[in-house]
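Student: One structure follows; several queries about it will come next.
The values are calculated or read from the model by the stated rules, or taken from the named source; none is laboratory data. What you are looking at is a predicted structure, and each value in this text was computed from that prediction instead of being measured. So basically every Cβ, Gly included, is an ideal-geometry build from the backbone, and we count neighbours across all protein chains shown. Each accessible area value is taken on the protein alone, full model and side chains, heavy atoms only, with ligands, DNA and RNA left out. Shrake-Rupley method; radii C 1.70, N 1.55, O 1.52, S 1.80 Å.
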Amino acid sequence: MSITHFYIQDLSQKIGETVSLKGWVSNKREGKGIVFIVLRDGTGFCQCVVTAETAQENGLDTAQNTRLETSVILTGLVKADEKQVGGIEIEVQQIEIIGDSVDYPIAKKEHGVEFLMDQRHLWLRSTRQWAIMRIRNTIIFSIHNYFQKEGFVQMDAPIFTGNACEGTSTLFETDFYGSAAYLSQSGQLYGEAMAMAMGKIYTFGPTFRAEKSKTRRHLSEFWMIEPEMAFYDIFQNMDSIEGMLQHVIKDVLHNCKQELETIGRDTSVLESSLGTFPRMTYDEAVRIIKGEQDVNGQNSIKLLESELEAAQKRLTEIDTDIADREAQINSGGMKKGQINFFTAKINELKQEKSDVEEDLRNIPQWLNSARNFEYGNDFGGSDETVLTKLFDRPVMVYDWPHEVKAFYLKRNPEDMRFARGVDVLAPEGYGEIVGGGERETNVDSLIEKIHEHQLPMSEFEWYLDLRRFGSVPHSGFGLGLERVVTWICKLKHVRESIPFPRMYGRLTP
Ligand code: 4AD
Ligand code: MG
């Protein structure tokens, strides 16, 4: 009798039956005459128990010979067991090794991030990375679903381009049959052409930025989703951004419960993000950052000052706690279990300490940039952090000084100092996740801007044609997939949000 191959995620429907599983050993514990294997198969994790009594032939030997990441096929009885992951345990009858795994480089002990990034091809197998990648997958699928449901057509923009969309300073140049070409920074300009053909479109593709900056927000290669809508003004554009983001958040909350739990994501901010996003002009946002205007009774400067004070106090507490526990361990007379417990607690405290120390470095900088923000400037990371600290959901800031924004944005007809761009800033310190706006339709204003930005006019003639032949008001936006994954998963750095990150200083693996 051949036994069907099942995936771990489907096991709860198979209780009392015998199934075959194919996967890798993600953890192994041994006792006398018994081996516990936590098997992973990409769809989930499951404890499998091997004993001489229940496993055939040399099943126990085989199980003993497995190591971390050995691949196996096993057959066993599915039993309900509330104490185990997924509420299931497999009583193994047969086990066969498919591929051995000698000296797997990622041990269970703590590794530094740079080491793990060098091992990214293997690190992806870890539970946490597994959860992040599944959330990323849900987000991608949800974005497609949202736009398809709203009647958008998915179209692709080219990667090789002759022009700069977001400014010339961050272009990757390449050779295109002897001529200079650039890797696309954004599909937007092509998106505008496609929207004039199809009404509502979205692109979903890789984009490239050659910033030589090592921040937790910047990748050199990232995936951007760029919808473009004919006959939409900036306010309809904002409705669309909010609708899409809330659709995505709902899907993640609904479909990724196990993954969110695995990465320890507190979901309260995701839940509050299902409420209306505040919309404010640049002017209002600046007043809030500088502490000239309160939000729900909270003041940016006062909030930062109290956070600084709290961090200083917490640091002292942690130091005392660590010293206390170390002294108790060193005094002798503690049982082994108690020592282990204390050591684990000390490690936890040390982790918290490094976070608090980071806050102590950051908060004074944030305070400084809030106090000294110069009206008219674009927001930096610190300004975004200060502003969004006062909100429990994304904030939309629109009508920016036209000088600091891209050439293609429409000027506010009622106040020409401002361009109708909108940035969406995520809470919890994450900052910009979406940038977009209403597009300029006036050919002469566009020509003036192209000159002002010192862009090569010849490369934009086709773009100007969109204004010469049946021009209509239109808007769109660009959502950085990795920025959204990073926020939704509350990651410390964008590098964990993409399978193989490309960023300043990293091209491998
Ligand atoms: O704000 P940006 O530069 O806007 C555009 O490219 C427009 N053409 C989009 C449009 O209106 N169609 O980039 C859009 C988003 C940012 O909000 C951010 O989420 C992400 O792309 N992004 C990056 N993500 C990771 N690494 C980088 N270096 C990024 N630069 C931008
Ligand atoms: Mg932007």
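Student: Does G478 count as within 10 Å of ligand 1 (Cβ to nearest atom) and touching a Phe, Trp or Tyr at 6+ places or on another chain (Cβ under 9 Å)?
Tutor: Spelling it out, it is not the case that G478 is within 10 Å of ligand 1 (Cβ to nearest atom) and touching a Phe, Trp or Tyr at 6+ places or on another chain (Cβ under 9 Å).
Student: Could you please let me know if L39 is under 19 Å from Y104 (Cα atoms) and in contact with a Gly (Cβ under 6 Å, 6 or more places away or on another chain)?
Tutor: So L39 passes the test.
Student: Against the conditions (1) of a type in the set (K, R); (2) farther than 15 Å from G23 by Cα; (3) open to solvent by 40 Å² or more (accessible area, probe 1.4 Å), where does R120 fall short? Just the number, please.
Tutor: Only one criterion in (1) of a type in the set (K, R); (2) farther than 15 Å from G23 by Cα; (3) open to solvent by 40 Å² or more (accessible area, probe 1.4 Å) is unmet by R120, namely (3).
Student: Every residue in segment 257-306 that is polar (S, T, N, Q), open to solvent by less than 80 Å² (accessible area, probe 1.4 Å) and part of a helix (DSSP H, G or I), please.
Tutor: Within segment 257-306, T262, S268, S272, S300, S306 meet the criteria.
Student: Given the options E91, E69, name the one that is on the phi > 0 side of the Ramachandran plot, surrounded by 14 or more Cβ atoms within 10 Å (Cβ to Cβ) and not aliphatic (A, V, I, L, M).
Tutor: Just one listed residue meets the conditions, E69.
Student: Okay, moving on. So, F342, is that one among the aromatic types (F, W, Y), at pLDDT 90 or above and farther than 22 Å from G429 by Cβ or not?
Tutor: Judged against the criteria, F342 is a match.
Student: Being surrounded by fewer than 18 Cβ atoms within 10 Å (Cβ to Cβ), assigned by TED's automatic domain parsing to the domain that holds R216 and within 16 Å of ligand 2 (Cβ to nearest atom) is the requirement here; does E403 meet it?
Tutor: For E403, the condition - surrounded by fewer than 18 Cβ atoms within 10 Å (Cβ to Cβ), assigned by TED's automatic domain parsing to the domain that holds R216 and within 16 Å of ligand 2 (Cβ to nearest atom) - is met.
Student: Can I ask one more? Any idea which of (1) open to solvent by 30 Å² or more (accessible area, probe 1.4 Å); (2) modelled with pLDDT under 95; (3) under 19 Å from M224 (Cα atoms); (4) away from ligand 2 (no atom under 16 Å from the Cβ) is the one S179 doesn't satisfy?
Tutor: It fails just one condition, (3).
Student: From the set of residues in segment 318-347 that are among the charged types (D, E, K, R) and surrounded by 11 or more Cβ atoms within 10 Å (Cβ to Cβ), which is nearest to L304 (Cα to Cα)?
Tutor: D319
Student: Since S471 meets every condition but one in (1) surrounded by fewer than 22 Cβ atoms within 10 Å (Cβ to Cβ); (2) more than 16 Å from ligand 2 (Cβ to nearest atom); (3) within 34 Å of the chain's Cα centre (by Cα), which condition does it not meet?
Tutor: With respect to (1) surrounded by fewer than 22 Cβ atoms within 10 Å (Cβ to Cβ); (2) more than 16 Å from ligand 2 (Cβ to nearest atom); (3) within 34 Å of the chain's Cα centre (by Cα), S471 is out only on (3).
Student: List the pairs whose first member sits in segment 151-174 and is farther than 26 Å from E452 by Cα and in contact (Cβ under 8 Å) with a residue 12 or more places away in the chain, whose second member is part of a loop (DSSP other than H, G, I, E, B) and within 16 Å of ligand 2 (Cβ to nearest atom), and whose Cβ atoms are under 8 Å apart, counting only residues at least 6 apart or on separate chains?
Tutor: These pairs meet every condition: D156/G187.
Student: Among the candidates E114, E192, which residue alone is within 12 Å of ligand 1 (Cβ to nearest atom), outside any loop (DSSP other than H, G, I, E, B) and of a type in the set (D, E)?
Tutor: Matching residue, one of E114, E192: E192.
Student: Looking at segment 240-263, can you tell me whether even one residue there is among the small types (G, A, S) and over 30 Å from G470 (Cα atoms)?
Tutor: no
Student: Checking the conditions here, which among G480, G505 is touching a residue at least 60 places away in the same chain (Cβ under 8 Å) and either farther than 30 Å from L260 by Cα or away from ligand 2 (no atom under 16 Å from the Cβ) (or both)?
Tutor: G505
Student: Looking at (1) away from ligand 1 (no atom under 15 Å from the Cβ); (2) buried (at least 17 other Cβ atoms within 10 Å of the Cβ), which is the one condition that is false for P394?
Tutor: Answer for P394: the failing condition is (1).
Student: Output the residues belonging to segment 222-256 that are part of a helix (DSSP H, G or I) and open to solvent by 20 Å² or more (accessible area, probe 1.4 Å).
Tutor: Correct list: F235, Q236, D239, E242, G243, Q246, H247, K250, D251, L253, H254, N255.
One line per residue, one yes/no per condition, for (1) under 29 Å from the mean Cα position of the chain (by Cα); (2) at pLDDT 95 or above:
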position	(1), (2)
T70	no, yes
G76	no, yes
I95	no, yes
K109	yes, no
G112	yes, no
M117	yes, yes
R120	yes, yes
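Student: Next up: Inside segment 182-197, can you point out the residues that are open to solvent by less than 10 Å² (accessible area, probe 1.4 Å) and away from ligand 2 (no atom under 16 Å from the Cβ)?
Tutor: Answer for segment 182-197, where residues must be open to solvent by less than 10 Å² (accessible area, probe 1.4 Å) and away from ligand 2 (no atom under 16 Å from the Cβ): E192, A195.
Student: In segment 157-170, what residues are of a type in the set (A, V, I, L, M, F, W, C) and within 16 Å of ligand 2 (Cβ to nearest atom)?
Tutor: A164, C165
Student: Further question: I want to confirm something. Restricting to segment 209-221 and keeping residues that are open to solvent by less than 30 Å² (accessible area, probe 1.4 Å) and more than 15 Å from ligand 2 (Cβ to nearest atom), which single residue is farthest from E496 (Cα to Cα)?
Tutor: A210
Student: Got a number for residues in segment 481-491 being within 15 Å of ligand 1 (Cβ to nearest atom) and open to solvent by 30 Å² or more (accessible area, probe 1.4 Å)?
Tutor: 1
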